[in-house]
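The block underneath contains the structure these notes are about, expressed in structure tokens.
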Amino acid sequence: MAGAPARCNDPGVLHGVRVVDLSTGITGPYCTKLLADAGADVVKVEPPDGDPLRRWGASATAGEPGALFEFLQTTRRGVVGTIADPAVRDLCLAADVVVHEAPPGTFPVADLHAARPDLVIVSVSDYGQDGPWRDRPATEFTLQADCGTIASRGLLDAPPFAAGGRLGEWVTGTYGALGVVAALRTARRSGHGEHIDLARLPVMGLTMITYSSVMADMLGRPPVPVPPRTVETPSIEPTADGYVCFTTNSAQQLQDFLVMIGHPEQLEEADWFGHAGRARRRDEFLTMVHEWTTARTNVEALAEAELMRVPSGPVGNGATVTGFDHFAARGTFVESPSGRFLQPRVPYRIGGCEPTPFRRAPGLGEHTGAIGWEPRPAAPPTGERRLPLDGVRVLDLTAWWAGPAAGHLLAILGADVIKVESVTRPDLMRYSAARPPSEDRWWEWGFIYHGANNTKRGITLDLTDPEGRALLLRLVEQSDVLIENFTPRVMDNFGLGFDALHAVNPRLVMTRMPAFGLDGPWRERTGFAQSMESITGMAWLTGWADGPPVLPRGACDPLAAAHAVFATFLALAETERTGEGRLVEVTMIEAALNVAAEAIVEYGASGTLLHRDGNRGPVAAPQGLYECAEPEEWLAVAVATDDQWDALRSVLGDPEWARDPALATAAGRRAAHDLLDRHLADFARTDRAAVLADRLTAAGVPAAHAVDPRDISANPQLVHRGFFEVEDHPVTGPTAIPNAPWRFAGNAGPWLRRPAPTLGQHNAEVLGGLLGLDDAELDRLAAAGIVGDRPAGA
């Protein structure tokens, strides 16, 4: 890949950074995997009997760990111990970063910071380190109910269902790694360490429900006559030999789709151009679709979709994903260090930097007593504590959700982010609005736009005009980062590729986020989250066991954003070290692929194909969703341990059926799942969902009311954390916006520092203030359509 001439640190950008990982599961290990892949020296600390994940999955044998453990734990060393052991405490004090998942309030954060003020500590939990729900038991399944994503998924003639694959745990790990590199930047600059409170509930509330509460606020929270769950139409549809996914996020895409399936006469049917209309007449719509799709193979359907520029993709699973032609052409999969399976490579590329080679996962205690770290000196902070990106300027040329979400993360972490749109091509997320086009300035009511673009400034520039391009290049001269997520040809057509920008500003970091990458046969295809969820196998794990795959929805855009910002931090560090800018490539497809890796590596290691199973899952049994006394109120229950089963029996009154010795083990409960579902359904009908969830969690059983995603702003734990911050917007007024998904102990102020910009709001401030244009020049540019504050034709 093209990039800056100076080479990166060898063997990685984070070479010399020491990390102690005391966590288990997915969240903490994926956080530290990203750090290890970037060159950090990671030491895994396990109890004497080992991380339970070693024994997870059919691939775990007496001689080999489970494939998921091996994937997460590559490229690190391993020791046995606990934080109570002096040797482990000494490792923590010799480290730069410590990651743990001890019960909230039990880890010696203050003690470690007293000895090492510059230490970055990440505390992973379900709900956070304090607050009314701090000690509430949970699993990924019940957290999905808490955050609203379960209630949003499904058809009205059946219960809602969860997203498969434990996406929340993976996404939280990604945000954890991003928080670490941000905090390390501050620690290196000023000596101020950080305590990062990384909780899964707020991360899932930000990434898995698409700002539903913001939409509800903007609409005035009108009564809703039907439950919130839907399945996108069209989405994953049957073909003659499998399934293909189609995406119609814009009116133009839906128009092209209708023409493609041979129904141009339906272009006049208003119902098809609204989600509510398609949901109401879903069977009628799908009859037209399936007449076309079932007459074609996957290859034929995808070829026609490409010709019509309808975003699409095959539906992969653990057995088939590695054969996708685009992955083969890009070399996306590499052999695991053990040779047992193929695994996805690191999900970003930085020009001039070779990724750290994967090394095999350590054996239990393999490096105990042999780490050899010299102590880090304990020194008080020497500088003022500032936000990590204070003083960094970013030009944000992105649109939709993934790119703007990346720009938003850069903004809340302190960067001066300038969003660049044009009057002929505003960010189309503006048009998913809470007001109809008949109202003035309706384009300022895009609820996702507000969520992903607050804390930025905004300008308009027509980059197809030579003068608009020249003005952008003048801004490039004064910026540190440019981020964009067009298909690759767009920036090339503008004459704004990396070489052109690097010639203007040799220190610029250019972060490119094409859906499929800068090369490969799918390079120029438009891609959205729906395609990524299908191709990578995420959708294969979501849905009923006897039904088709279903899109999980939501996580892929912010997931790509967090990976992109993580890589941008690495590139900035290299630029500051070498004086040379970097080209960064982060694709949504490869970010999603890493998070979907379990199904791929498990199939490669054991031949076991993971499959969807409705609301049941591999972690807990029983696990399910049960309708309560109030119709359409649903109770989520997940019993993951024998102690939780005993607690459930107690809440149920220890009935005779529950005393069956066969139910005392997880295997026995899983075998009797149908029976347990019937009894839990009877229990759920005795009261309201929230009341039952409180009873169960107080007894130690993971449970949750599957809330409407529009209502999560009332969650007492999220309110306690200050997760929602009020945006006071000049057009839409005050609105509660979910913002930073973690809490930094060193940041007492709000993350949201200005409302999302209106179209062209800061033209004078930026073009006048930074470039020196006077009012007459700005008026001339507006008259020529190069700048403006209203979409063309509005």
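So which residues in segment 466-492 are open to solvent by 20 Å² or more (accessible area, probe 1.4 Å) and over 30 Å from the mean Cα position of the chain (by Cα), if there are any at all? Before the answer, list the steps.
At the first step, the residues of segment 466-492 found to be open to solvent by 20 Å² or more (accessible area, probe 1.4 Å) are 466-467, 469-470, 473-474, 477-478, 480, 485-487, 489-490, 492.
Listed by number, the residues that qualify are Pro466, Glu467, Arg469, Ala470, Leu473, Arg474, Glu477, Gln478.
Matching residues to (1) free of Cβ contacts under 8 Å to residues at least 24 places away in the same chain; (2) of a type in the set (Lys, Arg); (3) crowded, with 19+ Cβ neighbours inside 10 Å; (4) farther than 19 Å from Trp540 by Cβ:
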| site | (1), (2), (3), (4) |
| --- | --- |
| Ile236 | no, no, yes, no |
| Thr239 | no, no, yes, no |
| Val244 | no, no, yes, no |
| Ser250 | no, no, no, yes |
| Phe257 | no, no, yes, yes |
| His263 | no, no, no, yes |
| Glu268 | yes, no, no, yes |
- [ ] Could you check, for segment 130-138, whether at least one of its residues is under 28 Å from Ala94 (Cα atoms), in contact (Cβ under 8 Å) with a residue 24 or more places away in the chain and open to solvent by 10 Å² or more (accessible area, probe 1.4 Å)?
- [x] yes
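Go through segment 344-357 and give me each residue that's open to solvent by 50 Å² or more (accessible area, probe 1.4 Å) and assigned to a loop (DSSP other than H, G, I, E, B).
Going residue by residue through segment 344-357, those that are open to solvent by 50 Å² or more (accessible area, probe 1.4 Å) are 349, 354-355, 357.
Passing the criteria: Glu354, Pro355, Pro357.
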- [ ] Would you check if Ala433 is under 12 Å from Ala452 (Cβ atoms) and open to solvent by less than 40 Å² (accessible area, probe 1.4 Å)?
- [x] no
- [ ] All but one of (1) part of a strand (DSSP E or B); (2) surrounded by 24 or more Cβ atoms within 10 Å (Cβ to Cβ); (3) touching a residue at least 60 places away in the same chain (Cβ under 8 Å); (4) not polar (S, T, N, Q) hold for Val42, so report the exception by its number.
- [x] (3)
Task: Test: Asp135 is at pLDDT 95 or above, under 25 Å from Ala562 (Cα atoms) and not hydroxyl-bearing (Ser, Thr, Tyr) - done: no
- [ ] Determine, yes or no, whether Met510 is among the hydrophobic types (A, V, I, L, M, F, W, C), closer than 18 Å to Tyr348 by Cα and not in a loop (DSSP other than H, G, I, E, B).
- [x] yes
Open item on the list: For segment 775-785, check the following and say yes or no: at least one residue is surrounded by 19 or more Cβ atoms within 10 Å (Cβ to Cβ), assigned to a loop (DSSP other than H, G, I, E, B) and either aromatic (Phe, Trp, Tyr) or in contact (Cβ under 8 Å) with a residue 40 or more places away in the chain (or both).
Closed with: no
TODO: Out of Leu475, Leu501, Leu482, Leu471, report the one residue that is assigned to a strand (DSSP E or B), at pLDDT 95 or above and hydrophobic (A, V, I, L, M, F, W, C).
DONE: Leu482
Task: Which numbered condition His367 misses (of (1) closer than 26 Å to Lys44 by Cα; (2) open to solvent by less than 30 Å² (accessible area, probe 1.4 Å); (3) not acidic (Asp, Glu)) - done: (2)
Task: Meets criteria (of a type outside the set (Phe, Trp, Tyr) and at pLDDT 95 or above) for Thr61 - done: no
TODO: Filter segment 83-107 down to residues that are open to solvent by 60 Å² or more (accessible area, probe 1.4 Å), more than 21 Å from Ala199 (Cβ to Cβ) and not charged (D, E, K, R) and give me whichever is nearest to the chain's Cα centre (by Cα).
DONE: Ala84
Task: Any pair with Cβ under 8 angstrom, 6 or more apart, that starts in segment 287-311 at a residue that is touching a residue at least 24 places away in the same chain (Cβ under 8 Å) and ends at one that is acidic (Asp, Glu) and open to solvent by 50 Å² or more (accessible area, probe 1.4 Å) - done: Arg296/Glu304; Thr297/Asp241; Asn298/Asp241
Open item on the list: Against the conditions (1) open to solvent by 10 Å² or more (accessible area, probe 1.4 Å); (2) within 19 Å of Leu143 (Cβ to Cβ); (3) of a type outside the set (Val, Ile, Thr), where does Pro622 fall short? Just the number, please.
Closed with: (1)
Open item on the list: Residues that are more than 20 Å from the chain's Cα centre (by Cα) and buried (at least 24 other Cβ atoms within 10 Å of the Cβ): does segment 403-417 have at least one?
Closed with: yes
Task: Scope segment 370-395; condition within 30 Å of Gly527 (Cβ to Cβ) and either surrounded by fewer than 16 Cβ atoms within 10 Å (Cβ to Cβ) or in contact with an Asp or Glu (Cβ under 8 Å, 6 or more places away or on another chain) (or both); matching residues - done: Val392, Arg393, Val394
Open item on the list: Can you tell me how many residues within segment 735-774 are open to solvent by less than 30 Å² (accessible area, probe 1.4 Å) and either closer than 22 Å to Thr207 by Cβ or among the acidic types (Asp, Glu) (or both)?
Closed with: 12
Open item on the list: Quick check on Glu533: is it open to solvent by less than 40 Å² (accessible area, probe 1.4 Å), charged (D, E, K, R), farther than 30 Å from Leu610 by Cα and modelled with pLDDT of 95 or more?
Closed with: no
Task: For Glu374: the one exception among (1) within 33 Å of the chain's Cα centre (by Cα); (2) touching a residue at least 60 places away in the same chain (Cβ under 8 Å); (3) assigned to a loop (DSSP other than H, G, I, E, B) - done: (1)
TODO: Return yes when Phe161 is crowded, with 24+ Cβ neighbours inside 10 Å and closer than 30 Å to Gly28 by Cβ and no when it is not.
DONE: yes
TODO: Determine whether Ala110 is of a type in the set (A, V, I, L, M, F, W, C), open to solvent by 50 Å² or more (accessible area, probe 1.4 Å) and either modelled with pLDDT of 95 or more or over 20 Å from Val43 (Cβ atoms) (or both).
DONE: yes
Task: Every residue from segment 653-680 that is under 33 Å from the mean Cα position of the chain (by Cα) and either in contact (Cβ under 8 Å) with a residue 12 or more places away in the chain or surrounded by 17 or more Cβ atoms within 10 Å (Cβ to Cβ) (or both) - done: Ala666, Arg669, Arg670, His673, Asp677, Leu680
Task: Filter pass, Ala319 being out of contact with any strand residue (DSSP E or B) (no Cβ under 7 Å at 6 or more places or on another chain), of a type in the set (A, V, I, L, M, F, W, C) and without any contact (Cβ under 8 Å) to a residue 24 or more places away in the chain - done: no
Open item on the list: Going through Ala406, Ala411, Ala402 one at a time, which residue ends up being among the hydrophobic types (A, V, I, L, M, F, W, C), within 27 Å of Ser190 (Cα to Cα), touching a residue at least 40 places away in the same chain (Cβ under 8 Å) and in contact with a helix residue (DSSP H, G or I) (Cβ under 6 Å, 6 or more places away or on another chain)?
Closed with: Ala406
Open item on the list: Restricting to segment 45-78, give me the number of residues that are open to solvent by 10 Å² or more (accessible area, probe 1.4 Å), touching a residue at least 12 places away in the same chain (Cβ under 8 Å) and hydrophobic (A, V, I, L, M, F, W, C).
Closed with: 3
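The values are calculated or read from the model by the stated rules, or taken from the named source; none is laboratory data. Since we're looking at a predicted model, the values are computed, not measured. Positions of Cβ are backbone-derived with ideal geometry, glycine not excepted, and every protein chain shown enters the neighbour counts. Side chains included, ligands, DNA and RNA excluded: accessible areas come from the protein's heavy atoms. Shrake-Rupley method; radii C 1.70, N 1.55, O 1.52, S 1.80 Å.
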